[in-house]
1. In region 211-233, what residues are under 19 Å from Ile167 (Cβ atoms) and either assigned to a helix (DSSP H, G or I) or of a type in the set (Val, Ile, Thr) (or both)?
2. May I ask you to verify whether Leu143 is touching a strand residue (DSSP E or B) at 6+ places or on another chain (Cβ under 6 Å), closer than 30 Å to Gly206 by Cβ and of a type outside the set (Ser, Thr, Tyr)?
3. Given the residues Ala163, Ala110, which is the only one that is closer than 25 Å to Val31 by Cα, under 16 Å from the mean Cα position of the chain (by Cα) and of a type in the set (A, V, I, L, M, F, W, C)?
4. Kindly provide the set of residues from region 90-109 that are buried (at least 18 other Cβ atoms within 10 Å of the Cβ) and in a helix (DSSP H, G or I), ordered by number.
5. Among the residues in region 16-25, are any assigned to a helix (DSSP H, G or I), open to solvent by 10 Å² or more (accessible area, probe 1.4 Å), among the aliphatic types (A, V, I, L, M) and at negative phi?
6. Just to confirm my filter: which helices (runs of 4 or more DSSP H) fall fully inside region 110-210 and include at least 1 residues that are buried (at least 18 other Cβ atoms within 10 Å of the Cβ), among the aromatic types (Phe, Trp, Tyr) and at pLDDT 95 or above?
7. If we keep just the residues of region 26-58 that are farther than 22 Å from Lys81 by Cα and among the aliphatic types (A, V, I, L, M), which is surrounded by the most Cβ atoms within 10 Å (Cβ to Cβ)?
8. Give me the pairs: first residue in region 216-237 and over 18 Å from Tyr257 (Cα atoms), second residue outside any loop (DSSP other than H, G, I, E, B) and at pLDDT below 95, beta-carbon distance under 7 Å, and six or more apart or on different chains, which are they?
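The values are calculated or read from the model by the stated rules, or taken from the named source; none is laboratory data. Since we're looking at a predicted model, the values are computed, not measured. Quick reminder, even Gly has a Cβ in these numbers, built from the backbone with ideal geometry, and neighbours come from all protein chains shown. Just so you know, the surface numbers come from the protein's heavy atoms only, side chains and all, with ligands and any DNA or RNA stripped out. Shrake-Rupley method; radii C 1.70, N 1.55, O 1.52, S 1.80 Å.
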Amino acid sequence: MSDGSMTPAEVVREAKKAGLAAIALSDHDTVDGVREAVAEGKKIGVEVIPAIEFSVISKTETHILGYFIDIDSPLLSEALKSIIDTRRERNEITCRKLNELGFDVTMDEALALAPNGFIGRAHFARLLMDKGYTSSVKEGFDLYLENGKYAYCGKQSMTDEEAVRLIKNCGGLAFVAHLHLTKLGDGELLEFLARLKAAGLDGVEGYYTEYTPEMQEKYQAMASRLGLMLSGGTDFHAAMKPHISIGKGLGNLKIPYSLVEKMKEKLNQKDS
């Protein structure tokens with residue numbers, strides 16, 4: 001979840017308003033907002049799980065989530081330096097490609113929409129909408145910014161196994177996010193998850209905004225077959241993705257708190 005136009009504390013207050021017991025603040029390639037979110041959660045009674053989301057080298061799109069990570073780990077700080085450099089290059093390429101398509105957008109304009117200083121595709125999609133080039137953020141993704149479209153740039157600095165190992169070395173639990181974006185066939189996906197499990201993967205995102213009921217059932221069955229845990233996410237981005245509600249996604253997502261309890265059990269086993 002990348003907040004876009006909301007501060008981390010505002011995201012936590014929004015979660016409280018929605019009746020959520022727990023949330024993970026999992027921005028791409030940064031933990032800058034985690035402290036503020038955790039502090040607000042303690043104040044108002046929402047459990048905030050320190051987290052991060054890494055985009056990794058892939059033919060399509062692969063994102064690895066780290067839950068319960070130590071945000072003060074020197075290993076994490078070191079890794080983030082090169083990730084942030086790659087992110088800057090990726091954004092510059094995306095901006096240039098949008099310009100080539102005839103869209104008058106700049107890096108500075110995207111930065112103005114990102115209060116934490118971290119630009120992502122959602123900020124460019126918002127710019128396209130604000131300037132009247134598209135009717136919505138979603139349309140910007142669908143036409144220009146999603147994987148396979150002209151302005152998409154897949155440049156990353158870390159492999160999937162490196163991301164899993166980094167999360168584990170920072171005391172966290174590693175999960176593969178939104179499995180459908182990998183665009184792997186069922187057999188390939190099973191092999192991919194088995195390979196990452198051997199590297200230390202703990203689980204997969206078994207509940208997600210864009211999953212159909214069939215996808216959800218299939219991914220949860222794969223996880224069960226491989227002995228992997230489940231997590232859930234709405235990919236809430238506030239004004240960056242206004243069609244997605246916190247905790248409910250497109251309106252009918254229900255993520256059980258028992259998933260958090262199982263994560264804690266695994267962490268306790270590791271510590272004992």
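1. First, the residues of region 211-233 that are under 19 Å from Ile167 (Cβ atoms): 223, 226-233.
Ala223, Leu226, listed by residue number.
2. Numbers: touching a strand residue (DSSP E or B) at 6+ places or on another chain (Cβ under 6 Å): no; closer than 30 Å to Gly206 by Cβ: yes; of a type outside the set (Ser, Thr, Tyr): yes.
So Leu143 does not fit the description; no.
3. Numbers: Ala110 fails: under 16 Å from the mean Cα position of the chain (by Cα).
Of the residues listed, the single one that is closer than 25 Å to Val31 by Cα, under 16 Å from the mean Cα position of the chain (by Cα) and of a type in the set (A, V, I, L, M, F, W, C) is Ala163.
4. Step one: list which residues in region 90-109 are buried (at least 18 other Cβ atoms within 10 Å of the Cβ), which gives 90-91, 94-95, 97-98, 103, 105.
Matches in region 90-109: Arg90, Asn91, Thr94, Cys95, Lys97, Leu98.
5. So in region 16-25, the residues assigned to a helix (DSSP H, G or I) come out as 16-17.
Add one more test, that the residue is open to solvent by 10 Å² or more (accessible area, probe 1.4 Å), and what stays is 16-17.
Those left that are additionally among the aliphatic types (A, V, I, L, M): none.
Looking for residues that are assigned to a helix (DSSP H, G or I), open to solvent by 10 Å² or more (accessible area, probe 1.4 Å), among the aliphatic types (A, V, I, L, M) and at negative phi, one finds none in region 16-25, hence no.
6. Details: elements: 121-130, 137-140, 160-169, 186-198.
Correct list: 121-130, 186-198.
7. From region 26-58, those farther than 22 Å from Lys81 by Cα are 37-49; that's our starting set.
Filter again for among the aliphatic types (A, V, I, L, M), leaving 37-39, 44, 46, 48-49.
Numbers: Ala37: 27, Val38: 19, Ala39: 13, Ile44: 12, Val46: 23, Val48: 22, Ile49: 22.
Only one residue tops the list, namely Ala37.
8. Filtered contacts from region 216-237: His237/Ala122.
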